[in-house]
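Below is one structure, written out as structure tokens; the observations come after it.
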Amino acid sequence: MHIQFAELPVFDQDRAKAFYTDKLACQVIADHPMGDGGWRWLELAFPHAVTNLHFIGRADASPSEGPVLVLVDDDVEATVASLKAKGVEIVSEPQEAPWEPGRVIAEFHDSEGNRMVLVSR
């Protein structure tokens, strides 16, 4: 059995859901009420991926300081161009990874200000 989740800290579940479904083509796996606080069990999946995303609440709208997710991609440059066209904030343009020559990395922010890393295979 292989089950894997990535928990992302978000302040606004609806905004995060819209970002991940509209900008990154994630599919909604589950969206159910969870307790009395108004939060939902909201689970999304990347197309053709093993890892599913689960949004966890955070106290305020301050983004996390470090990267919360690393996405491995076949064509980082094309993905960055696509994200830009969708209005996504690019933090760092595609460049060679300092730790591994030949590997390309880039960074962007999600709707909640979380830093995401794109890295080539």
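Bear in mind these aren't lab numbers, they're just calculated from the coordinates by the rules spelled out. What you see is a predicted model; the values in this text were computed from it and never measured. Because the Cβ atoms are built from the backbone with ideal geometry, glycine has one as well, and the counts that use them run over all protein chains shown.
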Task: Separation of the Ala85 and Arg121 label points, Cα + 7 Å toward Cβ, nm - done: 2.2 nm
Open item on the list: Among Asp36, Asp12, Asp22, which one shows the highest mean-square fluctuation when the chain is modelled as a Gaussian network with alpha-carbon springs under 10 Å?
Closed with: Asp36
Task: Computed E for Val72/Gln95 - FRET, C-beta separation, R0 22 angstrom, nearest 0.05 - done: 0.85
Open item on the list: Treating only the Cβ of Lys, Arg, Asp and Glu as charged (+1, +1, -1, -1), what charge dipole size does the chain show about its Cα centre? Round to the nearest 20 debye.
Closed with: 160 debye
Task: Mean separation of Cα contacts under 8 Å, 6 or more apart, over the residue count of region 78-121: relative contact order % - done: 29 percent
Open item on the list: If each residue of separation counts as 0.36 nm, what is the full-extension length gain between Glu7 and His32 once their alpha-carbon separation is subtracted?
Closed with: 7.4 nm
Open item on the list: From the helices alone, meaning DSSP H stretches of at least four residues, give me the mean residue ellipticity at 222 nm for the chain, per-run term -39500 (n - 2.57), in deg cm²/dmol to the nearest 500.
Closed with: -5000 deg cm²/dmol
- [ ] Just report the Cα centroid separation between region 17-48 and region 93-110, whole Å.
- [x] 27 Å
Task: For Ile29, Ile105, order by how many other beta-carbon atoms lie within 10 Å, fewest first - done: Ile29, Ile105
Open item on the list: Restricting everything to alpha-carbon atoms, can you work out Rg to Rh for region 5-120 with a Kirkwood hydrodynamic radius?
Closed with: 0.98
